[in-house]
Amino acid sequence: MAIRLSQSTLPKPLGYDRSKVSPGIVHLGIGAFHRAHMAAYIDALLPREPGWGILGASLRSPDVRDALKPQDFLYTLAIADAEGVRTRIIGSILGVLDGGTERDALLAAMADPATRIVSLTVTEKGYCHDPATGLLKPDHPDIVHDLAHPEAPRSAPGLIVRALELRRAAGVAPFTVLSCDNLPANGRTTARIVQGFAALRSAALAEHIAQNVDFPSSMVDRIVPATTDADRALVVDMIGREDAWPVMTEPFTQWVIEDRFRHGRPDLQSVGAQLVEQVEPFELMKLRMLNGSHSTLAYLGYLSGYQYVSETIGDPEFLKLIRGLMTDEAIPTLSIAPDELLIYRDRLLERFANPRLKHRTYQIAMDGSQKLPQRLLGTIRDRLARGLPVVRLALGVAAWMRYATGTDEAGQRIEVQDPLAARLRAIGETAAGSAERVVAGMLAVREVFGDDLPEHAALKAQLVSHLDLLLRNGAQATVRQVVASTR
């Protein structure tokens, strides 16, 4: 058995003296994506700027802390493509706190003057908001708790507001709040949620945050599948050390950030990030082309029996569908130069087909009720407003509806992972196999579809047509038929 990865057993030097690294960032939501993305950028920066180490926090589970603590919070980043796998040890994370049992220590770290950025990857549902409106949900259980116990918050908005309150009381300048989640205008959305929570606590506190805290928007992009035991075994073979939680990823990585950090930031451009005035064009490009395609592939692929994205896009009919979705339906809604978007499309198709990136359709399918508004419905709204067809986009939505009913094409139960899973399953059961009733029930879920889309007769008819095909003929046959109809 290989020895455990740790500071004393490093297979080769990191390239900087880790004892001289100090935390300047507290990151909420220390999952695999953060460790493949932001933590890797910061790691590359530490030889020149050692004051920007990361203290991570898990808000739902201590699993990451417990896995990484015995190895001094070091871990392996394994970068895989068709040519092979290369590894890199990441040392930018200096510690991980469990928000459930170490809340006071987490708040103290966030209130520390050395902390100049608090960043987040807590997924869409971690914002305790209504995805259809982008507003805080005051009746969310975590928000109700945090309003009743402001000194002991458990939500991301509650933690941020409490830490900013502590800094204000101590005369310490506020930190910058940097969202790295797939939310539309994620900086402005985060500001609206945080300020909305603060306003429920104190008008003066809300005004302080509005006037003094920066919330730059950012766009992040890197495909990061869940780590498997096979991945762990591969890493042992490659580095000669046991790593409890390595992270697998692809070579491609992108980080576009609005340059609004009045209290300081690291030199992120020097490690490949793009600092821009407005991130929205890049964000929409990614949400509508990558994320929208990913979700469409996930639901249709899972229903077709494909376990991985690479298998799904390897089906020529699915490839035609996704190429058409991006080219004919997503790209016309975007403001970036068409030539650049076509290059981005081709790069995405290559990334989806990466055979070494075992990205499960089931993993991408999780939390669809939170993801759909950003990934597919925004594009649909734009096209409907222009009187343009939404044939392929609507197929992605219909596939989600089919998946969310909780029964696959063989009649077996799907363990749908979604905050609204029970409600969505009940809609499917009540509909008793009627596509029209399923669509009507799903469209009535206003948290997903808002008040406008259920009133759009043409969209409803398109969804019913697609879902009827999915229920009668299955996903593969439906994809073939839609592709044939859109040539």
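Among the residues of the range 424-455, which ones are within 20 Å of L135 (Cβ to Cβ), part of a helix (DSSP H, G or I) and in contact (Cβ under 8 Å) with a residue 12 or more places away in the chain? Hits for the range 424-455 are R446, E447, V448, F449, L453. Across the range 40-63, the qualifying residues are those that are at pLDDT 95 or above and aliphatic (A, V, I, L, M), and the one among them that is surrounded by the fewest Cβ atoms within 10 Å (Cβ to Cβ) is A44. Exactly one residue out of D231, D243 is charged (D, E, K, R), more than 22 Å from the chain's Cα centre (by Cα) and buried (at least 17 other Cβ atoms within 10 Å of the Cβ), and it is D243. Inside the range 430-451, residues that are of a type outside the set (V, I, T), surrounded by 14 or more Cβ atoms within 10 Å (Cβ to Cβ) and more than 25 Å from the chain's Cα centre (by Cα) make up a count of 7. Candidates in the range 261-282 are the residues that are under 22 Å from the mean Cα position of the chain (by Cα), assigned to a loop (DSSP other than H, G, I, E, B) and surrounded by 15 or more Cβ atoms within 10 Å (Cβ to Cβ); of these, the one that is modelled with the highest pLDDT is A273. Apart from one condition, R192 fits all of (1) under 29 Å from V271 (Cα atoms); (2) in contact (Cβ under 8 Å) with a residue 40 or more places away in the chain; the exception is (1). The residues listed here are V479, V416; of these, the one that is part of a helix (DSSP H, G or I) and not polar (S, T, N, Q) is V479.
Just to verify a result, which residue in the range 64-107, among those that are surrounded by fewer than 15 Cβ atoms within 10 Å (Cβ to Cβ) and acidic (D, E), is farthest from L10 (Cα to Cα)? Going through the qualifying residues, I end up with D104. Given the condition within 21 Å of R383 (Cα to Cα), surrounded by fewer than 19 Cβ atoms within 10 Å (Cβ to Cβ) and either outside the structural domain of S434 (by TED's automatic domain parsing) or not hydrophobic (A, V, I, L, M, F, W, C) (or both), answer yes or no: does some residue in the range 473-481 qualify? No, the range 473-481 has no match at all.
Scanning the range 278-290 turns up at least one residue that is assigned by TED's automatic domain parsing to the domain that holds G396 and farther than 30 Å from V213 by Cα.
Checking V177, V220 one by one, the residue that is touching a His at 6+ places or on another chain (Cβ under 8 Å), hydrophobic (A, V, I, L, M, F, W, C), crowded, with 22+ Cβ neighbours inside 10 Å and in the same structural domain as M38 (by TED's automatic domain parsing) is V220 and no other.
If the condition is being at pLDDT 95 or above and either surrounded by 14 or more Cβ atoms within 10 Å (Cβ to Cβ) or closer than 22 Å to H140 by Cβ (or both), then the range 410-427 contributes I414, V416, Q417, D418, L420, A421, A422, R423, L424, R425, A426, I427. The residues of the range 72-93 that are touching a Lys or Arg at 6+ places or on another chain (Cβ under 8 Å) and either among the hydroxyl-bearing types (S, T, Y) or within 27 Å of A156 (Cα to Cα) (or both), listed by number, are Y75, T76, L77, I90, G91, I93.
Within the option set L348, L357, L325, being surrounded by 20 or more Cβ atoms within 10 Å (Cβ to Cβ), in contact with a strand residue (DSSP E or B) (Cβ under 8 Å, 6 or more places away or on another chain), in the same structural domain as T407 (by TED's automatic domain parsing) and touching a residue at least 40 places away in the same chain (Cβ under 8 Å) holds for one residue only, L357. Of everything in the range 26-35 that is assigned to a helix (DSSP H, G or I) and buried (at least 24 other Cβ atoms within 10 Å of the Cβ), the residue that is nearest to the chain's Cα centre (by Cα) is H34. For the range 116-134, the criterion of being more than 20 Å from the chain's Cα centre (by Cα) and free of Cβ contacts under 8 Å to residues at least 12 places away in the same chain is met by none of the residues.
The values are calculated or read from the model by the stated rules, or taken from the named source; none is laboratory data. As the structure is a prediction and not an experimental result, all values here were calculated from the model. All Cβ positions, even for glycine, are placed from backbone atoms using ideal geometry, and neighbour counts span all protein chains on display.
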